[in-house]
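K.L.:
Dropping a structure here in structure tokens format, bear with me for questions.
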Amino acid sequence: MIEENGVKSQVIEGRNAVMEAFRSGKSIDKVYILDGCQDGPIRSIVREAKKHDTIINFVTKERLGQLSETGKHQGVVAMAAAYDYAEVDDMLELARQKGEDPFLILLDNIEDPHNLGAIIRTANLAGAHGVIIPKRRAVGLTATVARTSAGALNYTPVAKVTNLVKTMEELKEKGLWFVCADMDGDLMYKVNMKGPIGLVIGNEGEGVGRLVKENCDMTASIPMKGDIDSLNASVAAGVLAYEIVRQRLG
């Protein structure tokens, strides 16, 4: 068990322990397996990981040794989430209970735990009903994320989905519109972001992926007067989230 500023993030080691973690329903973000190891128990763990759509990394003995806390990993180490993930339907139900139009924040390719934690904190303060992240190419709910969120993870649900585009399509059927943060988009003050809304944020380097952007209904840009061309992802999320708040209050 790793503890960071009071937030526990669990490292699970050994074949029986990892298999039991999967079977008990624990949220496992990643599993690391000794490259080349293909005996029965390891194959069973791989099958279980695939069933739960957990990311599998085949690594060297040295890398496993770095991850291991006991030195008794038996060729497998799993990383459990510091917090349990919610379901997207939980977020819609939260909005319904509050009598509010759903307001969700969707993150594409956010790999920095400090950014994710800061966005979850902003989501809570801006009244968003939840944050949705993809399973791949994204950071999970690590101890650093929990610490950076400054307690917001206790109140703001986070869902981890296999396919962001498919999730957006399902939410569109339930009445949500999606606005994508994009430098070339319409000025955010001119974009109507009232009603059931999903705010989509990408990372600073690549922005929002092409398929995700194509499934957005609107694009919104933040006016910038400086000499550099982009904001930190968590800052961009905060600016746009509060434009949504302003429009809702207006």
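K.L.:
Does segment 92-129 hold any residues that are assigned to a helix (DSSP H, G or I) and free of Cβ contacts under 8 Å to residues at least 12 places away in the same chain, and which are they?
P.N.:
The answer is Glu93, Arg96, Gln97.
K.L.:
Might you let me know whether segment 77-89 holds any residue that is more than 30 Å from Tyr242 (Cβ to Cβ), modelled with pLDDT under 95 and either open to solvent by 70 Å² or more (accessible area, probe 1.4 Å) or assigned to a helix (DSSP H, G or I) (or both)?
P.N.:
no
K.L.:
Taking only pairs six or more apart or across chains, which ones have beta-carbon atoms under 7 Å, a first residue in segment 58-78 that is within 12 Å of Lys30 (Cβ to Cβ), and a second residue that is assigned to a loop (DSSP other than H, G, I, E, B) and polar (S, T, N, Q)?
P.N.:
Val77/Ser68
K.L.:
Which of the numbered conditions does Thr219 fail, given that it passes all the others? Conditions: (1) touching an Asp or Glu at 6+ places or on another chain (Cβ under 8 Å); (2) open to solvent by less than 20 Å² (accessible area, probe 1.4 Å); (3) β-branched (Val, Ile, Thr); (4) over 14 Å from Leu107 (Cβ atoms).
P.N.:
Checking Thr219 against (1) touching an Asp or Glu at 6+ places or on another chain (Cβ under 8 Å); (2) open to solvent by less than 20 Å² (accessible area, probe 1.4 Å); (3) β-branched (Val, Ile, Thr); (4) over 14 Å from Leu107 (Cβ atoms), the one that fails is (2).
K.L.:
Could you say which residue among Leu153, Leu164, Leu199, Leu211 is closer than 30 Å to Ile28 by Cβ, surrounded by fewer than 18 Cβ atoms within 10 Å (Cβ to Cβ) and aliphatic (A, V, I, L, M)?
P.N.:
Of Leu153, Leu164, Leu199, Leu211, the one residue that is closer than 30 Å to Ile28 by Cβ, surrounded by fewer than 18 Cβ atoms within 10 Å (Cβ to Cβ) and aliphatic (A, V, I, L, M) is Leu211.
K.L.:
Residues that are surrounded by fewer than 20 Cβ atoms within 10 Å (Cβ to Cβ), of a type in the set (A, V, I, L, M) and modelled with pLDDT of 80 or more: which strands (runs of 3 or more DSSP E) entirely in segment 1-49 hold 1 or more of them?
P.N.:
11-13, 28-34
The values are calculated or read from the model by the stated rules, or taken from the named source; none is laboratory data. Quick caveat: nothing in here was measured; it's all calculated off a predicted structure. In this analysis, Cβ positions are derived from the backbone assuming ideal geometry, glycine residues included, and neighbour counts consider all displayed protein chains. Calculation scope for accessible area: heavy atoms of the full protein, side chains included, ligands and nucleic acids excluded. Shrake-Rupley method; radii C 1.70, N 1.55, O 1.52, S 1.80 Å.
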